[in-house]
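Structure first, then comments.
The values are calculated or read from the model by the stated rules, or taken from the named source; none is laboratory data. What you are looking at is a predicted structure, and each value in this text was computed from that prediction instead of being measured. No Cβ is skipped: glycine too gets one built from the backbone with ideal geometry, and neighbour counts run over all protein chains shown. The accessibility values were calculated without ligands, DNA or RNA, using every heavy atom of the protein model including side chains. Shrake-Rupley method; radii C 1.70, N 1.55, O 1.52, S 1.80 Å.
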Amino acid sequence: MKRIHQPTQRRRPGSLIIEVSVAMGLTTMLALVLMRASMLAISGNQWAIMQTLTDAYLTRETALANRIPFADVASDASSWPAQSSEGLVVNEQTVTLGRQAGGQVVQGVLKRFRTAEAVEDSELSQAMWRLHSILVYNIGDEQYTKTRSILRVQ
């Protein structure tokens, strides 16, 4: 019988360090992928929070435009200034929309103006104003705008 000689495998010096380094590299890559997934999940939640805050603020703005007396809407001191012959006049102010988790204040810029609406029936003498409210806010580096308009008739 012939014996088959099987060579014994010897570890080369330093191979353990290479194996540990590869394992650490793979573990780091897995941790980065999981962290990115977590950040994407959180950013979606932030988007929903911002949409809720801005929608709630504009709902309040719509309610205010509906309940203000018409005499105040049509006056020169109105919160919704009328367009002039020189162009569009806008009442602009920085507003607080709310707070995020951790107490971070969320702010935006509210712009208001009114436009006269044409009456198609010449027999009626009605004053009609469209009140425009524009909210400009930022999420990260991006700027977004939401608008609401209310038609008021006397």
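Solvent exposure of segment 41-154 amounts to 62 Å² per residue of accessible area, where only protein heavy atoms count and the probe is 1.4 Å. Looking at segment 51-141, the GluC sites (Glu not before Pro) that sit in a DSSP loop and have at most 13 other Cβ atoms within 10 Å of their own Cβ are Glu86, Glu120, Glu123.
Once the convex hull of all Cα atoms in segment 33-96 is built, its volume per residue stands at 115 Å³. With all protein chains in place and a 1.4 Å probe, the accessible surface of the chain carries 55 percent carbon and sulfur. For the chain, find the longest principal axis of its Cα atoms and tell me its angle to the long axis of helix 15-67, 0 to 90°, nearest 10. So the helix axis and the longest Cα principal axis differ by about 10 degrees. Taking amide H atoms as placed 1.01 Å from N in the peptide plane, the amide H of Ile139 lies under 5 Å from those of Tyr144, each 5 or more residues away in sequence or on another chain.
Could you work out Rg/(2.2 N^0.38 Å) for the chain, with Rg from alpha carbons only? Display every interim value, and only then the final one.
On the way: Rg = 32.0 Å, N = 154, 2.2 N^0.38 = 14.9 Å.
In units of the 2.2 N^0.38 Å rule of thumb, it is 2.15.
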